[in-house]
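The values are calculated or read from the model by the stated rules, or taken from the named source; none is laboratory data. Bear in mind the structure is a predicted one, so any value in this text is a computation, not a measurement. Positions of Cβ are generated from backbone atoms using ideal geometry, with glycine treated the same way; all protein chains shown enter the neighbour counts.
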Amino acid sequence: MSSKKVTSITPKSENLTQWYTDVCVKAELMDYATTKGFIIYRPDGYALWESIKDYFDKRIKALGVRNVYLPSLIPMSLLKKEADLIAGFAPECAVITKGGNKDLAEPMVVRPTSETMFCDHFKNIVHSYNDLPVKYNQWCSVVRWEKTTRPFLRGAEFLWQEGHCLFETENEAREFTLTMLREYNMIGSELLAIPFVMGAKPSSEKFAGAEDTYTIEAMMPDGQALQSGTSHYLGQGFTKAYDIKFQGRDNKLDNPYYISWGVSTRLLGALIMVHGDDEGLVLPPRVAPIQAVIVPIRMDSDPNVLKVARDLESQLKEAGVRVYLDDSNKTPGWKFAQYEMKGVPLRIEVGPKDIANGVVSFTKRYDSSKSTLPIENLAKTIPALLEEIQSGMYQKALSFLNDHITECHNYEEVKEVITSGKGFAKMMVCSKNEAELEAKLKAELNATPRVMPFDQRPFQSTDSVTGEEGADTVIYFARAY
């Protein structure tokens, strides 16, 4: 839509929300659809999701997970079998009541999540312990009728994967729940160069119907948290509600243990915000559709420039580098700005002076550092340089995260951290008073409990808000997207 076009980027430090929207549009990641609350994934934006999908799909298949696809429409009666689930999602459900010109015999819900459909299927295929475990995953879109939307972070429709698994024993189910959380953490550390805080969700933040929910939480530039993926231990609640039974090794009937896990295109929102700058997108090499762009300098006046550039392109492609040679007639300055905006990790310049000196010039996108490399052996040195960039971006983000976790010993310190955008307020909490504490911080500071980190080492014996002795739980509070 023409009204949404961006000609310049708002400085990130001036207005993060507007900066984010500007980058999404000008880096050509998405466009706004005519349908309110929905977006169009443009090729560069969808390519980022494909990189995540390709990486993660290989990982889960190595764990014995198989891909399936279930219907996108769920009968309302099926959804209502799990009371907690329907209560949690009812306000966000898109409901279809007509098929053509006729009223449907039963309303259909466009899937907000698929636990109900998987359970309805599982009861038909699981009869014995020999049928377990079942490890399924689905790549699809879901619809949640959000009131306030933002590209990739919160939309009426978004892309995701949802894993659904059944196990014979509780221990197996709990172990795999945590395995999947660790896999999500690796998407950040190995692919997106984003560090996460891993841990459990407090009771108030659990998935509807879950006994335990585990999360990966990222820290955004404004000190707000972004829930980036969750893994749920659902126990036997769903399998009892949907009458899924199997004959055990003792010949007795039992209900299997159920888990589900999912990440979505929210990861793209995290990627944009964590690494981007005032020039636009900044992409880690492992996820970037184009890892290196070659820009010939003065190629019209010196035919040898383009010859060398094409030879370099060929070498890098053979070395497995996703490289693009821009030999268009646009000016080098235009090309520099364009590929900075698109976040290409490495820019390689080839000009007459470089060739005469036996080198190429390069610029790293993430820190703007410039240098030269010998033209010989670039097929080896460029891949190594890309790995340096990947590592450097992760370390930069990790330092930011660590600098934005603050131990809070009293309520004044909690308020200072939350209201000044300093990130996670690391608090000691008396678990018996957890609900009252959450209500207070929500009302007074608009902060919520994001995660109970796996590292539960106490830093004091008193509650960080009330001062009461007997604090037994470490919880990170923050404002959140």
Residue within segment 417-429 that is surrounded by 22 or more Cβ atoms within 10 Å (Cβ to Cβ), aromatic (Phe, Trp, Tyr) and not in a helix (DSSP H, G or I) present: yes
Number of the exception - Lys206 against (1) in contact (Cβ under 8 Å) with a residue 40 or more places away in the chain; (2) under 30 Å from Met108 (Cβ atoms): (1)
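For segment 171-189, which positions are touching a helix residue (DSSP H, G or I) at 6+ places or on another chain (Cβ under 9 Å) and more than 10 Å from Trp261 (Cα to Cα)?
Glu183, Met186, Ile187, Gly188, Ser189, listed by residue number.
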Sole exception among (1) over 29 Å from Ala27 (Cα atoms); (2) in contact with a Phe, Trp or Tyr (Cβ under 8 Å, 6 or more places away or on another chain) for Asp250, by number: (2)
Residue among Asp84, Asp44 that is surrounded by 14 or more Cβ atoms within 10 Å (Cβ to Cβ) and at pLDDT below 95: Asp84
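Here is a yes/no grid of residues against (1) over 20 Å from Leu385 (Cα atoms); (2) free of Cβ contacts under 8 Å to residues at least 12 places away in the same chain:
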residue	(1), (2)
Asp277	yes, no
Gly280	yes, no
Pro285	no, no
Gln291	no, no
Val295	no, no
Arg298	yes, no
Asn304	yes, no
Ser314	no, yes
Qualifying residue in segment 418-437 (condition: of a type outside the set (Ser, Thr, Tyr), in contact with a Leu (Cβ under 9 Å, 6 or more places away or on another chain) and farther than 21 Å from Gly199 by Cβ): no
Only listed residue being touching a residue at least 60 places away in the same chain (Cβ under 8 Å) and either within 17 Å of Leu178 (Cβ to Cβ) or not in a strand (DSSP E or B) (or both), chosen from Leu234, Leu226: Leu234
Selection count, segment 87-108, where residues are in contact with a Phe, Trp or Tyr (Cβ under 7 Å, 6 or more places away or on another chain) and either modelled with pLDDT of 95 or more or on the phi > 0 side of the Ramachandran plot (or both): 0
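Go through Val451, Val414 for me and flag whichever is within 25 Å of the chain's Cα centre (by Cα) and buried (at least 21 other Cβ atoms within 10 Å of the Cβ). Lay out the reasoning, then the answer.
On the way: Val414 fails: within 25 Å of the chain's Cα centre (by Cα).
Going through Val451, Val414 in turn, just one is within 25 Å of the chain's Cα centre (by Cα) and buried (at least 21 other Cβ atoms within 10 Å of the Cβ): Val451.
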Exclusive hit being at pLDDT below 95, not assigned by TED's automatic domain parsing to the domain that holds Phe196 and not polar (S, T, N, Q), set Glu412, Glu434, Glu416, Glu444: Glu434
Leading residue by the ranking (nearest to Glu162 (Cα to Cα)) among those in segment 271-319 that are in contact with a Gly (Cβ under 8 Å, 6 or more places away or on another chain) and either of a type in the set (Val, Ile, Thr) or assigned to a helix (DSSP H, G or I) (or both): His275
Test: residue in segment 46-62 that is out of contact with any helix residue (DSSP H, G or I) (no Cβ under 7 Å at 6 or more places or on another chain), under 16 Å from Gly155 (Cβ atoms), free of Cβ contacts under 8 Å to residues at least 12 places away in the same chain and not aliphatic (A, V, I, L, M): yes
Subset of segment 122-145 (residues that are charged (D, E, K, R) and under 32 Å from the mean Cα position of the chain (by Cα)): Lys123, Lys135, Arg144
